[in-house]
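Values quoted throughout were computed directly from the atomic coordinates according to the rules given, and no laboratory measurement underlies them. All values derive from a computational prediction rather than experimental measurement. Glycine gets a Cβ as well: all are built from the backbone with ideal geometry, and neighbour counts include every protein chain shown.
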Amino acid sequence: MTLALFIGVLVAGGVYLVLQRGMVRITFGFVLLSHGANLMLISAGVAARRDEPLVHLSDLADAADALPQAFALTAIVIAFSITIYMLALAGAGKGDDDTEDRT
Amino acid sequence: MVLPLVLSLLALVALAAPMLDRFLGRAAGWPLAVVFLLLGAIIAVDAPRIVTHGEDIEFSAPWMPTFDVSFNLLLDGTGLLFVVLVLGVGALIMGYSAQYFSRGKHADYYFLMSLFAAAMFGLVIADDVVLLFVFWELTTICSFFLIGRTGLTANKPAVRTLLLTAAGGLALLAAVIVMIVHIGTAQLSVILADPAWQEDPAFATTVGVLIIIAAFTKSAQFPFHYWLPDAMAASTPVSAYLHAAAMVKAGIYLLMRFSPALADNVTWNVALIGFGLLTAIIGALFALQRHDLKELLAYSTVSQLGFLVAVIGIGTPAALAAAGVHTLAHALFKATLFMLVGVIDREVGSRDIRRLTGLRRVMPITAALAALSALSMAGVPPLLGFISKEKLFAGFLEAPGPEFAGPLVGAVAVVGAVLTFAYSFRIVYGAFGGPTTQTKLREPSLVLLLPAAVSSIAGLVLGFYAGWLDLLIDRIVLDTRGIPGEVHLSLWHGLAPEVYMSAITIAVGVVLFVKREAIDRLLDRPLFPVTGVGVFERCFDGTIALGARVGDLTRTNAPTRHLALPVALIAVLTGAVLVGGIGVPPFPEPVTEPVDWLLIGLLVVGIVGMVIAKSRLAALALLGVVGFVVALFFFLLGAPDVGLTQLLVEVLTVVVAVLILRRLPTLFHPTSRARKGFAAVVALIAGSAAALGTYALTGRREISPAGEYFLREAEEDTGGTNVVNTILVDYRALDTLGELTVLGIAGLIIIAVLDSSGLLPGDRGSRVATFSGTAIGSATGNTVLARTVGRWLAPLLILLSLYLLLRGHDEPGGGFISALVGGAGFALAYLSAPSAAAAPIRWPYVGLIASGIGLATLTGVLGFADGSFLRPLHADVPLFGDVTYHFTTALVFDVGVYLAVIGVIIAALNRLGIEEYEVTDRGSMDNRQPVPPDGQAESPGGQDTADPAETTSVAGGEQR
Amino acid sequence: MNSALLAVLVIVPLLAAALLVVMREPVALRRVILLGTNAFALAFAVWLVVETWGGQVLGHNIALWPDGIAIPFVADMFSALMVVVTALLSLVCSAFGVASGDDDRHYFAPLVLTLSAGVYGALLTADLFNLFVFIEVMLLPSYGLIAMLGGMSRLSAGRLYVTMNLLTSTILLAGVALVYGAAGTVNIAELAGLGKESPVVGAAMGAVLIALSIKAAVVPVHGWLARTYPYTSPAVTALFSGLHTKVAIYAIYRLYAVIFDGDSRYLWIGVLVMSATMLIGVLGAVGEETTRSILAFHMVSQIGYILLGVALFGPIGLMAGIFYLLHHMIVKASLFLSTGAVEVAYGTNELGRISGIARTEPVVAAAFLGAAFSLAGLPPFSGFVAKLTLVTAAISEEQIYAAVIAIIVSLLTLMSMLKIWKGVFWGRAHEDEVHAVSARKPGALLTHISPSLALPGLVLAAVTLSLGVGGQLLLALSEQAALGLLDPSAYIEAVIG
């Protein structure tokens, strides 16, 4: 429930920024969107189980599903890669990061 | 065996034609003519079997058995008639071309003409509907090139012709497919024999209409008639062969071929008779209007084809017999006339009957031959045209339907015939009659006239000995109506009605000829408000305009207009699911904890802030805040590795972002209220969709079998106790390999793109300095703190990262986290450097990236030793005494990850951090140095940029 | 063959790419590595087809972990065929890139190789999340290629391309997350049939399919493709056209066949959308004024044809669709390369700016025309067989309207191809063009397009011709592939058997 709400807020904010003008804001928007997607992955495990999936250190009966965490890790890094590239695009070329058609 | 032999020989001839042309030039026509005749002879050997014993020559070979399409060939009487046209007239035209063209190379011409002959031959012997269609289209394509090759003026007509005939072809394709689907075979003879034609009128009519469209486009019937005159842009031999004798007859062939199946279909009868006669009349009228002999002939062809279509529509044995005879007769006289018009054009330099006059005195033979053919066309005895015309009349009188149908159709036919008579004389008189003005003209070489002579004299001979054709025509009736015909062709066979009709025709025709001035005045006005070509062009342009409008819908590079659509699709899906309803199971255990609400609160603050922020840096700061909140949530959800990674990624994102922001205006671009509103609506939709999806689809089941397995078996399987890390480097190392490739490539493409497009000038340092107080501001003074801390912290972080790398398998850490920590260290070292110029860490980061990817992959390859890619190998390395270190290649893999990540981070810092950037397009890392000297960089406020003029980068496009 | 070797298709290009990143000299060797790697992949792929002949399915758990735990790599006839064409195209396009000078950019070769590795992975994996990862591996190099090569507007095109694909990838990722949330697995075989049986999984998969459809540039989300593909370099456009959207299409075919088990409830949506895609795409093409933007819009239209195959889910429909898919990859690349050769040599792709070069460039003209007729579905080219089978499928499934649209669209296709032909190859030759170029290449007065530049397009045009005349071979293969989709049990067996 809370997780769903949290994700909803992230996505809403992300989409709003993505629909704005200028590469930087769009990039920020995507950062938020990827947060949302990553949390969705975590949530796809069972949010009721919130112990760390560390053998010996925590009670595996309540340990969280490690698989979606691995997914999320992978997704975070991929999102990071694209983010820095988009920032580079925002700073590349002439003028500024405007994304409107030049007429 | 004879059919495929001849067919393949024709194809070979086509391929050989360019060779012949190379050696013989235009004279290549002669050998080609001979070959055509020889091939005709080969067929002739079997002809008696066909016409006398009613046999068919067949051949069958598989082509696409999967789709039940075969290479079936079948030659019957009908086919034979058209083969005679293809090879006979073909030979004449080839011989004619050898003299007609200017000396020199005509390779493409001879190639295309031979290819056309092959295609046309295949068309009339194909016994598979798909094969039939293939050859049908091939003739269209040949026609396209033969018209287009004539020159600039012919380009548009060629395109018009192709599009129109191709459209007809598609109708044929549709018919073919409907037949295949409905009857279940592609073999033409089987299809035609199928009872479905009688039992299922809907099917019969559908196919019938499609066939009619195809035939009408090919044979230039109203309303498609206009392409034929348009196609006269082609050279005369092409017109004579394709657009008089052979190709335009393909439609006639198709109609005759399908007569057995459709001759009793009312739609078929009405459409063919109606449009056929209409075309016959219109064509004749147009012919009477025209002064250009070639155009006149074209319209006369349209008219004659109209007669043929109409008589096929009658569908009685007599009618189809007439169709057979007239097809032959028309081919003979029309080919002759075209050839002779070509001769006149060549000798006199004009085809306009207003400028030609009295040529009979200077070129009597030409005149005689032309007259002979024209009389045949006019239906004057004792020529073959007379006999065929009478047969037509006889056929028309048998028109199906009510009593008056026969007489009515007959009457209309007579009108058409009268007009035909009139324009036939118009041709002869126009060119050869009247006073002779150009007296110095002379008869062309007899060699040039020979082919025309053959065909026109054939028309005369066959007039007297028409009986020779009886057997063939009988066979055609058998093929097209299923009952053997009893045709007796002769000039005189009693006072039948058609005799009177001929008499009327000739009588009235003569009157019209005498009154020709009056007729000309009468017809000297447009008969229709629109021209076919005009209508076509309007549709053509209209389509293009429509297309442009369709393109405009998406004609923008602004992401917004594109990005809203996917959200809309997701909204649709969500809506559908909500409406349809999917019984979601209940939550087995509560998934919410009070503390979550606190995080949501923080998040909302951050998001709202970002949404309303006008300053880039403010938004960035808030982005950082949100990132940390998210990381916190990860920790709360028992995902320490994810949380750690999230934190570090956030730091690095902010650093990189700062490096870019200093090159951009302080404030975001202003956006209109309307746009904000639109974005807000879309955003809310997206947000609710995401929330609903998460709420409905996650957390409602027990832990998955896989997740359960990992918790249970991870240590046993891998020796690691940090389950997440074991998944990353052992179970799903392939994902990780892909992920680190992605990261590495990101580094490379940043370099590549900056190399080709350069970077904005970094002249906004001061404003940034107020925010961060680092080397970005690049003032020595305000970085003291950062430097003192950084100098100690950076190395520590890098050490820590190595530690994290080693322990990662067991506790939070591992390749990415450790590398990101190390990266943070470098970032700190970078930021705390006294000047941006001193900052860049001169490491071969490209090499790091490559070696990282390489090392990880190679480690994976080692796994093949144990049977599979990325299979981790284990070994206990004795350290000292009995202490051993459990070594696994998974660690080496992680090292690869580490290298790549560090490489990318340094690459980003270096490439985005330096002040100036000139484009090289040679992405090498060593030839790139910060432009400004250190002294300048020391200047307070860091206004350490050269004049923007120098700094503007060259876009690759300009270099091309 | 030992199915563990499937991973080789990913390993070899990756290693080659890593090597080419650090190795600058000698250029000749770099080219040998680039082309050699692709050639190897092609050979390997052909072997795959042989191995999967007759319904064999090769499956392998990467790193030999148990079923359902490991990431499975699987190859059946469908994936094998896709791999073959992918390898062929990346070989030919790389060759063109070498000839056109794109390869002079240091990162061209590594990026192309990584791209192909990503495609192979995406074609072979039977794991949804891994599919997402490999799609990213394919996309990242593309982001670079599209923005580093091409004309002035390449940056804004690059920005649009990145943002659009990133949004789509995010949706895809979210979809995968929801699938895991709903079903507790992302293993395609373990998910088999669930899309049909469990509405929850069906809904989650819906998001995945939408993401894939956007990547496939289906109407109404086709605009990004038409706006980005024409603005990078011809070699890259050809490569993208051949590979990118096709991976998404492949995934749609596979996922709908396995996870939705060809659920007939949703097919009508497909027929509707694909008919619209065919029509809108071709109309857009007719309206454009540069060769590559015409061709880009055609991709949209043709994607409609291809996906109509899956919407007509059935033996003929799937066979036709797969045949169309493979034919289209080849033909479209051929067209981009032929027109690209003209563009590289004459420096423009605007209709009318160059014209009448048919006589001076007979080879390119022939290659273009062959491929163009094939695209329009004229015999004797492969496009004819594709159109014939697809329309037959539509009519036998009684989707008359779709059939009619497909037929009309093919006429409009011919129309726009003639527009290019008339605008570039026929008409009066521009003297100034001739001089401009002959100045650049002294002594070259007649043909400005070097054989190495003309050959790639010609090769592919020859392929489409042979696939038309000898259509049986590919038809038989496509039929096997289609059967593998109709009854995915062998595929599932190979993954979690």
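Descriptive notes on the structure:
- Cα-based reach from B:Lys218 at 17 Å (exclusive), listing lysines while leaving out same-chain residues under 8 positions away: B:Lys249
- Charge dipole of the protein assembly as shown about the Cα centre (unit charges at C-beta), most positive-ward option of B:Pro229, B:Leu397, C:Met138: B:Pro229
- A DSSP coil position with no more than 13 other Cβ atoms inside 10 Å describes none of the trypsin sites (Lys or Arg not before Pro) in segment C:195-296.
- Qualifying trypsin sites (Lys or Arg not before Pro) for segment B:369-447 [loop in DSSP, other Cβ within 10 Å: at most 16]: B:Lys440, B:Arg442
- Charge dipole of chain A (Cα centre as origin; +1 on each Lys and Arg Cβ, -1 on each Asp and Glu Cβ, all else neutral): 240 debye, rounded to the nearest 20.
- Footprinting exposure proxy ranking of B:Arg732, B:Arg516, fewest other C-beta atoms within 10 angstrom first, gives B:Arg516, B:Arg732.
- Debye, to nearest 20: dipole size of the protein assembly as shown, +1 on Lys, Arg Cβ, -1 on Asp, Glu Cβ: 5800 debye
- For chain B, the longest principal axis of the C-alpha atoms and the axis of helix B:129-148 are separated by about 90°.
- Computed about its Cα centre, the charge dipole of chain B is approximately 4360 debye, with only Lys, Arg, Asp and Glu carrying charge at their Cβ.
- Comparing B:Ile273, B:Leu254, C:Ile69 along the charge dipole axis of the protein assembly as shown, the residue lying farthest to the positive side is B:Ile273, per the Cβ-charge model.
- Euclidean distance between Cα centres, segment A:75-103 to segment B:599-664, Å: 18 Å
- Taking only Cα atoms of segment B:12-59, radius of gyration then Dmax in Å: 15.2, 45
- 5 angstrom amide H check on B:Arg871, placed H, neighbours 5+ away: B:Gly863, B:Phe864, C:Ala63
- Here, P(r) means the percent of Cα pairs in each 10 Å bin from 0 to the largest distance; for segment B:260-340 it is 20, 43, 27, 9, 0.
- Only helical runs count toward this figure. For chain B, summing -39,500 (n - 2.57) over DSSP H runs of n ≥ 4 and dividing by all residues gives -23000 deg cm²/dmol at 222 nm.
- Among C:Met299, C:Met164, sorting on how many other beta-carbon atoms sit within 10 Å of each Cβ, with the fewest leading, yields C:Met164, C:Met299.
- Low-density loop cleavage sites - GluC sites (Glu not before Pro) in segment B:670-737, where at most 14 other Cβ are within 10 Å (DSSP): B:Glu702
- The distance linking segment C:174-195 with segment B:370-409 is 76 Å (Cα centroid to Cα centroid, whole angstrom).
- Proximal charge balance of C:Gly377 [Cβ under 12 Å; K/R count +1, D/E count -1]: 0
- Eligible aspartates and glutamates near B:Lys334 by straight Cα distance, threshold 19 Å, same-chain separation 8 or greater: B:Asp230, B:Asp292, B:Glu295, B:Asp345, B:Asp352, B:Glu390
- Neighbourhood net charge (15 Å Cβ-Cβ; Lys/Arg +1, Asp/Glu -1) for B:Ala214: +2
- Separation of alpha-carbon centers, segment B:29-62 and segment C:60-128, rounded to whole Å: 54 Å
- Candidate aspartates and glutamates for bridging to C:Lys215, where Cα separation is under 13 Å - those fewer than 8 sequence places away on the same chain excluded: C:Glu136
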